[in-house]
Every structure is written in C-alpha cells, then in structure tokens.
1. Going by the conditions given, is Tyr115 within 21 Å of Thr151 (Cα to Cα), touching a Leu at 6+ places or on another chain (Cβ under 7 Å) and hydroxyl-bearing (Ser, Thr, Tyr)?
2. Working only within region 210-247, note down all residues that are assigned to a loop (DSSP other than H, G, I, E, B) and surrounded by fewer than 20 Cβ atoms within 10 Å (Cβ to Cβ).
3. Those residues that are acidic (Asp, Glu) and under 23 Å from Ser165 (Cα atoms), I need them from region 206-236; list them, please.
4. Does Asp172 satisfy the condition of being open to solvent by less than 80 Å² (accessible area, probe 1.4 Å), among the acidic types (Asp, Glu) and closer than 23 Å to Arg253 by Cα?
5. Can you tell me which residue in region 75-99 is nearest to Pro249 (Cα to Cα), limited to those that are under 18 Å from the mean Cα position of the chain (by Cα) and open to solvent by 20 Å² or more (accessible area, probe 1.4 Å)?
6. Quick check on Gly156: is it among the small types (Gly, Ala, Ser), closer than 23 Å to Arg61 by Cβ and without any contact (Cβ under 8 Å) to a residue 40 or more places away in the chain?
7. For region 175-206, enumerate the residues that are open to solvent by less than 10 Å² (accessible area, probe 1.4 Å) and farther than 18 Å from Pro133 by Cβ.
Amino acid sequence: MTVRNRVLILVAAVAVLAAVGVASVLHASARADRRDHTQAGGPRVTPGAVTLTGQGSLLFRNMAWGPHRDEVVSVPAGDPSGARTASGVKCLRFYAASGTGVCLQAVHGAVSDTYRALILDARLRTVHTYDVPGIPSRARVSPTGHFAAWTAFVGGDSYAGTNFSTRAAIVDTRSGRLIPSLEDFRIVKDGHPYRAPDANFWGVTFARDDRTFYATLATKGSTYLVQGDLRARTVTTLHADVECPSLSPDGTRIAYKKRVKGLPKDAPWHLYVLDLRTMRETPLAERRSVDDQAVWRDARTVVYALPGDYGADLYQAPADGSGAPRRITEAAVSPAYVG
C-alpha cells in the first residue's frame, strides 16, 4: 500500500470518527432539549409551596420531562400517581424526616461537575452546605430530624462490581458538626477489633434514639450489616450479605438488597427483610434486581425504585414477603413520606 493510500485511509477514518462524535453530541443535545418539554401523557406538575411538614405527603425527585425535572415534588401519600407540586429545589438524591431534609446536588462547572449536600429546613430553605467528594448515591435523615447522612462514590460509579470506593458522612443538623467519613470509626468484626485499608461504608439508616445507626461495611470482597454508635464512634458487624439497609419504623427489621448467586453481575440483587431479633431473612415478592435503598411507607410496606422510561419508577411490596410488587408512580426516585 502506497503512502498516499495510507494517508487517504487515515483521513477517511478520522472523518468518520469526527462525524460519529458530532452525531453523538447532537443526539445528546436534542435529548436534553426534549427533557425540557413536558411529555405527552406524563404526570401533571405545577409549581407551588412544598413543605416537609405536610400531612400525609410523599415527596420525591421528579424525573418527568419538563421544566420541573429533577425538582423535589409533593403528592398526597394516598395518591402517589396524582398531580405533583414542584418546589423549585433540584436534587440528585433527597430524603426528609421531622421537618429536616437533605438534598444532594450537582454543581455544573466549565470543565467538570462538583457535588454538595444541602441541609434543608421545613420550608426547603438551606441551613447548611457541605462539599461531597464524589457522585451522590444515598441519602437519609434520622426519624428525629437531628442527623442526616449521605454516601458518595469516590472511585467507580456502581455497586454492581467490586472495584469502587465510597465515602459515607453523617452531620448533626442542629450544630452543623460533620463526621466526614465513617472510616474514622472503630470497627468490631465478629467480636474483635478490625482494621483494613479496603473498608468501605454506605447506606446509613438511623434509629430513633439519636445514637444508633446501621450501614453497610464492605471489606475483603464481602458485605456486612453494621450497627453504629455515634457516641462511642464504633461500628459492629451483625449479619453478612446486607447492602443499603433501611430500618423499619418500629426499629425491629431491616429492609435491604442482597446479592443472590446466579443473577447477572450487573443486576445481582433481590430485596429481603431481616428480623433484628432472630436474624431471620425473608425474601420479598419483588423478583427483579433492585439497586436502591428501600423506604418504609409504614410497618407493612416497603417502597423502592426500578428503572423506568424516564429514569425510574416507584414500586411497593409487602414487607412480609407476601403478595406482589406494584408500581405506584412513574418518573420518580428518592421517596420520603412526611407528615
């Protein structure tokens, strides 16, 4: 092959790659533009006053296309697919309890995005702001509203594999005092002090006593449910194969996702509930892989997100393993029941 032909082939290849790149950018831009326009047949979303003290309300991040996409919206808890009231506050992850909210946001820069956590009051006004060291993943507020927690990916961007690193932080919402990483806590594993450079934490959930919390600890390729003590600054392993725990309203059970052998590597989880008194596991009726930190609607029902046409939809299932899962609303994620 002559030098001239090689040059022509190289020029043609560069032109093709450039065309593909331009087409990809244009496609992404067109899709982003479409997201700003209300989808036909989608949920009705209108701006209005949203508070964290509304009686019997369900709040979540609105995923429906239109001018209020990504905003925290409110619907009646008894009518989750009804008309949505948009707050104007945009979050990637959100949670609220007892008049306190936590909102994890992206801050778009010229070169790359950064992330932050906002502590919100009952009217969704910012009380405290904190830098978040990676992509936001989980968010929780204690039942009293006195503490908030969040998890971020600081290496990797998915729980499905094993090559990732997370950072879990807890803040006292009254004083603003931040615990930037649970990795500073003393670990007690199988009754003995434990140290490992690969220890990761995520998915904090709080008890009502403003002292006890639960989370996932990952180390040496395994995951564990840990019980944490905010005063003693310790975490103690309780049970293996627990990820993204969520404590029931009465404090006796944990809803969580569990890796099940035989499932695809990118979708390895099923939902379970663990009885903390007996350590008995109950698989829930949802047979699809759920990559979410479930929320308890009440003592009998858990709510969680699954992929949907506009990002995610919310489903619920009985906490005792009976019945069948049911979609309760579309284009929604990060639910929180208030009031």
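The values are calculated or read from the model by the stated rules, or taken from the named source; none is laboratory data. Model, not experiment: these values are computed from the prediction. Glycine also receives a Cβ, built like all others from the backbone with ideal geometry; neighbour counts cover every protein chain displayed. Heavy atoms of the whole protein, side chains included, go into the accessibility calculation; ligands, DNA and RNA do not. Shrake-Rupley method; radii C 1.70, N 1.55, O 1.52, S 1.80 Å.
1. Criteria met by Tyr115.
2. Of everything in region 210-247, those that are assigned to a loop (DSSP other than H, G, I, E, B) and surrounded by fewer than 20 Cβ atoms within 10 Å (Cβ to Cβ) turn out to be Asp210, Arg211, Lys220, Gly221, Leu230, Arg231, Ala232, Arg233, Asp241.
3. Hit for region 206-236 is Asp229, nothing else.
4. no
5. Among residues in region 75-99 that are under 18 Å from the mean Cα position of the chain (by Cα) and open to solvent by 20 Å² or more (accessible area, probe 1.4 Å), the one nearest to Pro249 (Cα to Cα) is Tyr95.
6. For Gly156, the condition - among the small types (Gly, Ala, Ser), closer than 23 Å to Arg61 by Cβ and without any contact (Cβ under 8 Å) to a residue 40 or more places away in the chain - is met.
7. Thr205
Conditions tested, residue by residue: (1) under 20 Å from Thr53 (Cβ atoms); (2) in a strand (DSSP E or B).
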site: Gly78; (1), (2): yes, no
site: Thr85; (1), (2): yes, yes
site: Phe94; (1), (2): yes, yes
site: Val111; (1), (2): no, no
site: Tyr115; (1), (2): no, yes
site: Leu124; (1), (2): yes, no
site: Asp131; (1), (2): no, yes
site: Ser137; (1), (2): no, yes
site: Thr151; (1), (2): no, yes
